[in-house]
Amino acid sequence: MKLTVAVLVLASTLVPRAWAAEDHPALGDTLRAYVAGGRVEGTLVTTDGQTLTLRGTREESVVPFDSITRLDVKTRTSRGRHAGRGALLGAGLGFLIGFVATPEGGCENGRNCNLEAGTILGGFGSGLGALVGAALPTTRWRSIDTKGLRVSLAPGSRGAALRVAVSF
């Protein structure tokens, strides 16, 4: 009997910690829970093994584990990752606007200066696009396996019982 209790206690402390450290969010993490009716996003407030309580911007939502089809945890938010794309897009749009908007023969001596105007506006557009791209935030999310192993300690008829649920 003592050996059974020791194994139950050891399993209930070691297995969930090893599993939770790698694949489960901690309290305070920002989560996205996809359920049949849509998506719930918020900060993880509590979990009791059956439900997640998420605090959103307007309200708290209690989401049962059984209804979750996908769960994502926010890993980081950074800025500056879109500067290159912004520069390319700005240069292309600036060149196109400068090239198209310049009337033919609009330069001195009646020559066509569409390429020069496109190049100048392309340079300005590149700088402006890089600034806008650098200012845009990038949020990274990591998907968490909602299936798999669930281990919990539950009250039994003669003391505590270890409950293990495995789903595929």
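The values are calculated or read from the model by the stated rules, or taken from the named source; none is laboratory data. Note that the coordinates shown come from a computational prediction; the quantities given were computed from them, not determined experimentally. Using ideal geometry, Cβ is built from the backbone for each residue, glycine included, and neighbour counts are taken over all protein chains shown.
Tabulated data for the structure shown
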read-out	value
In region 31-41, the residues that are at pLDDT below 85 and either surrounded by 10 or more Cβ atoms within 10 Å (Cβ to Cβ) or closer than 15 Å to Glu59 by Cα (or both)	none
Candidates Gly28, Gly49 - the one that is surrounded by 11 or more Cβ atoms within 10 Å (Cβ to Cβ) and at pLDDT 55 or above	Gly49
Residue within region 128-136 that is touching a strand residue (DSSP E or B) at 6+ places or on another chain (Cβ under 9 Å) and assigned to a helix (DSSP H, G or I) present	yes
Pick from region 125-168, criterion at pLDDT 85 or above and in contact with a Gly (Cβ under 6 Å, 6 or more places away or on another chain), ranking: farthest from Ile97 (Cα to Cα)	Ala134
Tally, over region 54-72, of residues that are more than 19 Å from Ser143 (Cβ to Cβ) and surrounded by 16 or more Cβ atoms within 10 Å (Cβ to Cβ)	1
Strands (runs of 3 or more DSSP E) wholly inside region 30-91 that include at least 1 residues being without any contact (Cβ under 8 Å) to a residue 12 or more places away in the chain	38-47, 51-55, 60-64
